[in-house]
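Student: Quick one: structure below, then a few questions.
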Amino acid sequence: MLAKKYKLTTLEIKDLFDKKERSFFSFKNTRNNLFDIKYFSNSEIKENKYAVILSGKTFKIAIERNKIKRQIYSLLENFEAKKGSFVLIYPKKEITNTLFQDLEKELYNDLNNNLK
């Protein structure tokens, strides 16, 4: 499981979407068929911090939401990036039907293209 110091808190997430605080970050958004990812970069950030945000409307069953979060956080635990940023990951419904290896390939590919 990903260490707590690498996870974004709810207060940090709220600050990212606050107009005053957001001006300190450069913002990038990417999409693919499994998830949308938002990157907030700043030169002062030393380490990457991640958050996986799942909607109760999209994923009705809590077991499903928890499984997806655990899978993504376990993949992020092994990922190393040079550039520091805050990363918000929004999985789509199609992620429930994908294999773990495909999820790993898609996530690492997207993160490597945008964080290194």
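The values are calculated or read from the model by the stated rules, or taken from the named source; none is laboratory data. All values reported here derive from a predicted model rather than from experimental measurement. A quick note on method: Cβ atoms are made from the backbone with ideal geometry, for glycine too, and the neighbour counts reach across all protein chains shown. We work out accessible area using only protein heavy atoms, side chains counted, and drop any ligands, DNA or RNA first. Shrake-Rupley method; radii C 1.70, N 1.55, O 1.52, S 1.80 Å.
Student: Read through the list (1) farther than 19 Å from residue 113 by Cβ; (2) within 12 Å of the chain's Cα centre (by Cα), then give the number of the only condition that residue 64 fails.
Tutor: (2)
Student: Tell me, which residue of the range 1-13 that is more than 19 Å from residue 78 (Cβ to Cβ) and of a type outside the set (A, V, I, L, M) is surrounded by the fewest Cβ atoms within 10 Å (Cβ to Cβ)? Walk me through how you get there before you give the answer.
Tutor: Within the range 1-13, the first condition is being more than 19 Å from residue 78 (Cβ to Cβ), and the residues that meet it are 9-13.
Retained after the next criterion (residues that are of a type outside the set (A, V, I, L, M)): 9-10, 12.
Numbers: 9: 11, 10: 8, 12: 14.
Ranking the candidates gives 10 first.
Student: Oh, and also: Looking at this structure, is residue 48 among the polar types (S, T, N, Q) and more than 15 Å from the chain's Cα centre (by Cα)? Write out each step before concluding.
Tutor: Values: among the polar types (S, T, N, Q): yes; more than 15 Å from the chain's Cα centre (by Cα): no.
No.
Student: Residues of the range 72-85 being in contact with a strand residue (DSSP E or B) (Cβ under 8 Å, 6 or more places away or on another chain), over 17 Å from residue 54 (Cα atoms) and open to solvent by 20 Å² or more (accessible area, probe 1.4 Å), which ones? Show your work before the answer.
Tutor: First, the residues of the range 72-85 that are in contact with a strand residue (DSSP E or B) (Cβ under 8 Å, 6 or more places away or on another chain): 72-73, 76, 83-85.
Filter once more, keeping what is over 17 Å from residue 54 (Cα atoms): 83-85.
Hit for the range 72-85 is 83, nothing else.
Student: If you check residue 46 against the conditions, is it out of contact with any Asp or Glu (no Cβ under 7 Å at 6 or more places or on another chain), under 15 Å from residue 7 (Cα atoms), exposed (fewer than 14 other Cβ atoms within 10 Å of the Cβ) and of a type in the set (D, E, K, R)?
Tutor: Working: out of contact with any Asp or Glu (no Cβ under 7 Å at 6 or more places or on another chain): yes; under 15 Å from residue 7 (Cα atoms): yes; exposed (fewer than 14 other Cβ atoms within 10 Å of the Cβ): yes; of a type in the set (D, E, K, R): yes.
Criteria met by residue 46.
Student: Moving to a separate point now. I want to confirm something. Restricting to the range 14-35 and keeping residues that are in contact with a strand residue (DSSP E or B) (Cβ under 7 Å, 6 or more places away or on another chain) and open to solvent by 30 Å² or more (accessible area, probe 1.4 Å), which single residue is modelled with the lowest pLDDT?
Tutor: Going through the qualifying residues, I end up with 25.
Student: Something else now. Over 15 Å from the mean Cα position of the chain (by Cα) and either of a type in the set (Val, Ile, Thr) or at positive phi (or both): is that true of residue 13 in this structure?
Tutor: Numbers: over 15 Å from the mean Cα position of the chain (by Cα): no; either of a type in the set (Val, Ile, Thr) or at positive phi (or both): yes.
So residue 13 does not fit the description; no.
Student: Please work out if residue 100 is open to solvent by less than 20 Å² (accessible area, probe 1.4 Å) and more than 18 Å from residue 29 (Cβ to Cβ). Let's see the steps before the verdict.
Tutor: Working: open to solvent by less than 20 Å² (accessible area, probe 1.4 Å): no; more than 18 Å from residue 29 (Cβ to Cβ): yes.
No, not satisfied.
Student: Follow-up. Looking at (1) outside any strand (DSSP E or B); (2) without any contact (Cβ under 8 Å) to a residue 40 or more places away in the chain; (3) loosely packed, with under 14 Cβ neighbours inside 10 Å, can you tell me which one residue 94 breaks?
Tutor: Among (1) outside any strand (DSSP E or B); (2) without any contact (Cβ under 8 Å) to a residue 40 or more places away in the chain; (3) loosely packed, with under 14 Cβ neighbours inside 10 Å, residue 94 violates only (2).
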